[in-house]
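Notes for the one structure printed next.
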Amino acid sequence: MLFSRGLRRYPPHLMNWVHLHLALNHVPVLGALFGALLLVVGLVRRSDELQRVSLWALALLAAVSIPIKFTGDFASEALAAKGGAAVAVTLEPKLLNAHEQAADQATTGVFLLGLVAAAGLFAARGGRALPKWAVVASLVLALVTFLLMARTANLGGQLRHPEIHIP
């Protein structure tokens with residue numbers, strides 16, 4: 001059994017939703033940054049292949065980031081559950097709400113990024129050139145998404161999680 005139920009103290013080989021969220025939430029932050037950097041390199045080198053790879057990476061990033069956001073929702077529910085009531089009190093509600101709102105904005109950003117990147121790849125199917133609008137829009141959205149994700153991560157990093165530590 002990989003996941004434990006609730007937030008009680010548990011054997012170290014079990015993982016709960018809070019652990020999973022803390023482990024996976026780095027993917028969208030770094031993915032948006034590296035996807036944008038790869039796209040910049042593709043533009044500087046005028047490499048259609050690198051631009052296509054970066055659009056694929058950004059579309060894939062959207063596909064994996066949205067489920068990662070749900071781990072945060074499940075972690076929040078676990079904190080609010082009966083077993084985590086004492087833990088939830090230790091978190092500042094304003095900070096938790098700010099983190100959740102920032103996560104919603106960042107998820108919207110990564111969804112739009114994935115949509116634009118996928119639309120650009122779809123328009124370039126069959127060996128056609130990538131549309132310039134898709135490349136430019138993907139770059140701008142990747143940078144905006146990185147900033148939104150970094151803000152979300154910063155707010156989340158201010159939350160303390162005593163429930164994941166074994167005494």
Computed over the stretch 29-81, the Cα gyration tensor eigenvalues, each multiplied by 5 and square-rooted, give semi-axes in Å (largest first) of 33, 9, 4
Taking r as the C-beta separation of F122 and H26 and R0 as 35 Å, the FRET efficiency to the nearest 0.05 is 0.75
The set of residues whose placed amide H lies less than 5 Å from the amide H of M15, leaving out same-chain residues fewer than 5 positions away, is F3, S4
Loop-resident trypsin sites (Lys or Arg not before Pro) in the stretch 22-56 with no more than 12 other Cβ atoms inside 10 Å, DSSP not H/G/I/E/B, are R45, R46
Taking 0.36 nm per residue of separation between Q158 and V140 and subtracting their Cα-Cα distance, the length gained on full extension comes to 3.7 nm
Going residue by residue through the stretch 135-141, the Karplus relation 6.51 cos²θ - 1.76 cosθ + 1.60 with θ = phi - 60° gives ³J(HN,Hα) values, rounded to whole Hz and with x marking Gly or Pro, of 5, 5, 5, 5, 5, 4, 5
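Values in this text are rule-based calculations from the coordinates and carry no lab data. Since this is a predicted model, take the numbers as computed values, not measurements. Glycine gets a Cβ as well: all are built from the backbone with ideal geometry, and neighbour counts include every protein chain shown.
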